[in-house]
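Here the structure comes first, spelled out in C-alpha cells, and everything after it is commentary.
The values are calculated or read from the model by the stated rules, or taken from the named source; none is laboratory data. The structure presented is a predicted model; accordingly, all values stated were derived computationally and were not measured. Here the Cβ is made from the backbone with ideal geometry for all residues, glycine too, and neighbour counts use every protein chain on show.
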Amino acid sequence: MEQDTQAIVLEAEAEAQTAADSRALYEVKMKFLGRTGKVTALLKGMRDVAAELRPAFGKKVNELRETLESKFAALEEKMKKKEMAAKLSGEQVDITMPGRRRKQGTLHPVTRVRNELIDIFAGMGFEIYEGPEIESDYYNFTALNTPADHPARDMQDTFYLGDGLLLRTQTSAGQIRVMENKQPPIKILSPGRVFRSDDDATHSPMFHQMEGLVVDKHITLCDLQGMLDEFARTMFSQNSKTRLRPSYFPFTEPSVEVDVSCASCGGKGCPLCKGTGWIEVLGAGMVNRRVLENCGIDPDEYTGFAFGMGIERIAMLKYGINNIKLLTENDVRFLEQFKD
Ligand code: PHE
C-alpha cells in the first residue's frame, strides 16, 4: 500500500509537469482527485478491504488525497502567476512608439466655394432657399418668360423627363417658387445642382449654380453692381473690379454679363483672360416685369435684380483649375491640395 500511494504521487507529479496551462493542469488533477479519479477509486475500493485493515487503509488514502491536493494547489498557484505574467507582458504598451497619424479629409473645392459664397451673401442679409432638382417645365422655363417656342430654350440643352418634367437647367427656377409664395422684400440665395446636355473641358452635364434674387421698392442695377463688387473683392482679390456688358436672358430686362478683372494679371492681359484683362463670371439683370407679374408681384411697385453663377467656374478661376472634370473625378491627389 505504501508503495502504491508513493507510485500515485509520482505519477501525478509527472503528469502535472506536462500540463501547459491551468486548464490542462485542472484535467490532470481531476484524473486523480475527480469523481472518477484514481484516488476516489481507491476510497470506493474500501469495501473490499478486510474490516481490520480498513482504518489503516482509509488513513493512507486520506493522506494521499491531502498530499495531492496540496501539491496541486501549489502547482496551480505557480501556473496562475506564470499566466498572469505572460498576459501582462503581451499587453505592454510601448509608449515610445510613434503614433499613427489619422488622415484628415478636406472640403471639396466646389463645397468650399459654395460655402464662401454663402458667407459673403449671408453677410449682406440673404437667406438660403433650395428648390427641387426635378422641375416642371413651367418653373424652369415658362414662368421665366421662356415659353415652349421661345428661341432662348436653345441656350440650354435640356434633359426632358416627359410629363412636363425636366432636370432643372438653372437655379432660376427657384426664383419663381420663392416669389409665388412671398411678397417683397425678398432677398434669397439659392445654391444647387443643375443639368444640361453639354460635355467638354469647361462644361459638365451636372454642375452647380448659385442664384441670387432681390426684390423690393427702388431696387436698381446699381444695387446689383455694388453687391457684385463686394463679392469679387472677397472672392478673388481686394483690388478686383467688375464690369457689366449688355446681354440677353428672357427673365431679366435689361440683362447683363458680369466680368471680373483678371486676378492673375491684375487686368493687364494674360493667357488666362485671353489678353482682355477681364473674365466673365456670371449672368444677371433686372427681373423682367413679366416674371414679377407671373408671380403676382406688382411691377409698378417693386423692382428687383437676379444673378446666377456657375460654382465650378468660380472654383476653376479662383484655383487655376483648367478642366472641369477634375472636380468630379475625385482623385485624392487633386483634392488634398485644397487644405486650409
Ligand atoms: N440662369 C442663367 C443661366 O443659367 C443665369 C442668370 C440668372 C441670368 C439670373 C440672369 C439672372 O445662364
* If a residue has to be at pLDDT 95 or above, small (Gly, Ala, Ser) and away from the ligand (no atom under 11 Å from the Cβ) to count, how many in region 253-301 make the cut? -> 1
* Asked: Of Ile297, Ile314, which residue is in contact with a strand residue (DSSP E or B) (Cβ under 8 Å, 6 or more places away or on another chain), surrounded by 21 or more Cβ atoms within 10 Å (Cβ to Cβ) and in a helix (DSSP H, G or I)?
  -> Ile314
* Please give the number of the condition Leu224 fails out of (1) of a type in the set (A, V, I, L, M, F, W, C); (2) under 21 Å from Arg112 (Cα atoms); (3) not in a loop (DSSP other than H, G, I, E, B). => (2)
* Check region 58-79 and report whether any residue there is in contact with a Phe, Trp or Tyr (Cβ under 8 Å, 6 or more places away or on another chain), surrounded by 15 or more Cβ atoms within 10 Å (Cβ to Cβ), over 30 Å from Ile311 (Cβ atoms) and without any contact (Cβ under 8 Å) to a residue 40 or more places away in the chain. => no
* **Total residues in region 251-300, condition among the aromatic types (Phe, Trp, Tyr) and in contact (Cβ under 8 Å) with a residue 40 or more places away in the chain** => 1
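Report yes if Phe338 is surrounded by 13 or more Cβ atoms within 10 Å (Cβ to Cβ), among the aromatic types (Phe, Trp, Tyr) and out of contact with any His (no Cβ under 8 Å at 6 or more places or on another chain), otherwise no. Steps first, please.
Working: surrounded by 13 or more Cβ atoms within 10 Å (Cβ to Cβ): yes; among the aromatic types (Phe, Trp, Tyr): yes; out of contact with any His (no Cβ under 8 Å at 6 or more places or on another chain): no.
For Phe338, the condition - surrounded by 13 or more Cβ atoms within 10 Å (Cβ to Cβ), among the aromatic types (Phe, Trp, Tyr) and out of contact with any His (no Cβ under 8 Å at 6 or more places or on another chain) - is not met.
Quick one: which helices (runs of 4 or more DSSP H) sit completely within region 107-187 and have at least 1 residues that are over 30 Å from Met316 (Cα atoms) and away from the ligand (no atom under 14 Å from the Cβ)? Break it down into steps so the answer makes sense when it comes.
Working: elements: 109-122, 137-140, 173-181.
By residue number, 137-140, 173-181.
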* Tell me which residues, restricted to region 231-250, are in contact (Cβ under 8 Å) with a residue 40 or more places away in the chain, under 14 Å from Cys262 (Cα atoms) and either in a loop (DSSP other than H, G, I, E, B) or aromatic (Phe, Trp, Tyr) (or both). => Phe236
* Report, by residue number, each residue of region 204-220 that is within 12 Å of the ligand (Cβ to nearest atom) and not acidic (Asp, Glu). => Phe207, His208, Gln209, Met210, Gly212, Leu213, Val214
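Residue by residue, here is whether (1) among the charged types (D, E, K, R); (2) surrounded by fewer than 11 Cβ atoms within 10 Å (Cβ to Cβ) holds:
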position	(1), (2)
Ile95	no, yes
Pro98	no, yes
Arg101	yes, yes
Val113	no, no
Met124	no, no
Glu127	yes, no
Glu135	yes, no
Asn140	no, no
Thr146	no, no
* Asked: Take the residues of region 228-252 that are surrounded by fewer than 20 Cβ atoms within 10 Å (Cβ to Cβ) and within 15 Å of the ligand (Cβ to nearest atom): which is nearest to Phe141 (Cα to Cα)?
  -> Tyr248
* Structure fact -> Checked region 179-209 for anything in contact with a Gly (Cβ under 9 Å, 6 or more places away or on another chain) and crowded, with 19+ Cβ neighbours inside 10 Å; matches are Met179, Ile186, Ile188, Leu189, Ser190, Gly192, Val194, Phe207, His208, Gln209
